[in-house]
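> Next up is a structure, given as structure tokens.
The values are calculated or read from the model by the stated rules, or taken from the named source; none is laboratory data. What you are looking at is a predicted structure, and each value in this text was computed from that prediction instead of being measured. We place every Cβ from the backbone using ideal geometry, glycine too, and count neighbours over all the protein chains shown. Heads up: the accessible areas ignore ligands, DNA and RNA and are worked out on the full protein's heavy atoms, side chains in. Shrake-Rupley method; radii C 1.70, N 1.55, O 1.52, S 1.80 Å.
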Amino acid sequence: MLIDGVMLLWFLLTALSVAYVAIDIHSTPEHPVMKWAFVLFTLYSGPIGAFLYVLGCREPLPGLHEQYVNARWRQALGSTMHCVAGDGIGILVGAVLGALIALPMVTDMCVEYVLGFGFGWTIFQALFMREMFGSYARSLKATFSSELLSMNCLMGGMMPVASIAFANAHAAHDPSQPLFWFRMSLALMVGAAIAYPMNWWLVVHHLKHGMMTVRPRGESRAVPMDEKMAMAASSGSAIHAPSPPVSVMAAISFAVLALGAAIALTFGAGH
């Protein structure tokens, strides 16, 4: 079948892409958590992830990483990669559990959401970034709303794809089959695209970090936007009031989540 050939090519390119990013990113002066984020995202998105790593994070020439990643679209890209990498682990665990015990669609989506948000917030956001806020407790508090808004948009984009793509193929809902992982890869990529605008807004208003440059101690460098956000958050102040307000953006994120769930339940309920 054509899809088998497509998947074979996809997984081959994904393996090569992950190997390339995992090896090459060692020489990129990026924060360790973002290095993991790009490797994980490439695992989900194959050559697309490798392309975004080269275009958005890889230092073009020695000493230029700070200026290179300071572009706003790259900062938003880093924020989105961080979200998808962490939340994606929990979402995939939830999807596997839901498939193995044959959960109803609504319950399956809830499990994926809870595990995705839980892992992304408590581990990939709060735990890995706690040094930016001084303590794990402060990090949990500071990252909750930004993680919630981003996760809502990610799931809002994922659910229709995960529910509708290959809906009538049993293999697409069996974690032991390649089609299951291909379907989830497609869903995560679409979810990342839907979450990108929200992450742009979060980065612009210093509510979420983007790319981060980490060089050996003693090397001089400019203070990037994400560190300015961290310093403001750790001091309990804000650089400026977000516009639109966080409450408005939260409502938009829940609307995206609700729309995604409605589409998934309407058109994917038959599998």
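> List the residues, sorted by chain then number, that are 5 or more residues from Glu30 or on another chain and whose placed amide H is less than 5 Å from its amide H.
Correct list: Val214.
> Using the Karplus curve 6.51 cos²θ - 1.76 cosθ + 1.60 with θ = phi - 60°, work out ³J(HN,Hα) for each residue of segment 144-150 in order, rounded to whole Hz, and write x for Gly and Pro.
4, 5, 5, 5, 4, 4, 5
> In segment 34-170, carbon and sulfur make up what percent of the accessible area (probe 1.4 Å)?
Values: 3910 of 5340 Å².
Taking all protein chains in place, segment 34-170 shows 73 percent carbon and sulfur surface.
> Please list log₁₀ I(q)/I(0) at q = 0.10, 0.14 Å⁻¹ for the chain, using the Debye equation with identical point scatterers on the alpha-carbon positions.
Summing over Cα pairs of the chain leads to -0.50, -0.96.
> Springs between alpha-carbon pairs under 10 angstrom, Gaussian network model over the chain: which of Thr122, Thr42, Thr80 fluctuates most?
Residue with maximal mean-square fluctuation among Thr122, Thr42, Thr80: Thr122.
> Okay, next question. Per-residue counts of other Cβ atoms within 10 Å, averaged by peptide: what ranking do you get for 259-266, 22-29, 206-213, highest first?
Numbers: 259-266: 17.2, 22-29: 14.4, 206-213: 26.1.
Highest mean packing first, the order is 206-213, 259-266, 22-29.
> State, to one decimal in nm, how far the label point of Ala251 lies from the label point of Arg215, with both points 7 Å from Cα in the Cβ direction.
Inter-label distance under the simple model: 4.6 nm.
> While we're on this one: Quick one: Karplus J couplings for segment 7-20, per residue in order, coefficients 6.51, -1.76, 1.60, θ = phi - 60°, nearest Hz, x for Gly and Pro?
5, 4, 5, 4, 5, 5, 5, 5, 4, 5, 5, 5, 4, 4
> In degrees between 0 and 90, to the nearest 10, how far off the longest principal axis of the chain does helix 246-267 point, with axes built from Cα atoms?
20 degrees
> Can you compute the helix-only [θ] at 222 nm over the chain? Use -39500 (n - 2.57) per DSSP H run of at least 4 residues, normalise by all residues, nearest 500 deg cm²/dmol. Could the numbers behind the result be given before it?
Working: 10 runs with 184 residues, N = 271.
-23000 deg cm²/dmol, from helical runs alone.
> Give me the number: length gained by fully extending Tyr20 to Asn168, i.e. 0.36 nm times residue separation minus the C-alpha to C-alpha distance, one decimal in nm. Spell out each step's value before the answer.
Working: separation 148, 0.36 × 148 = 53.28 nm, distance 3.49 nm.
Stretched fully, the Tyr20-Asn168 segment lengthens by 49.8 nm.
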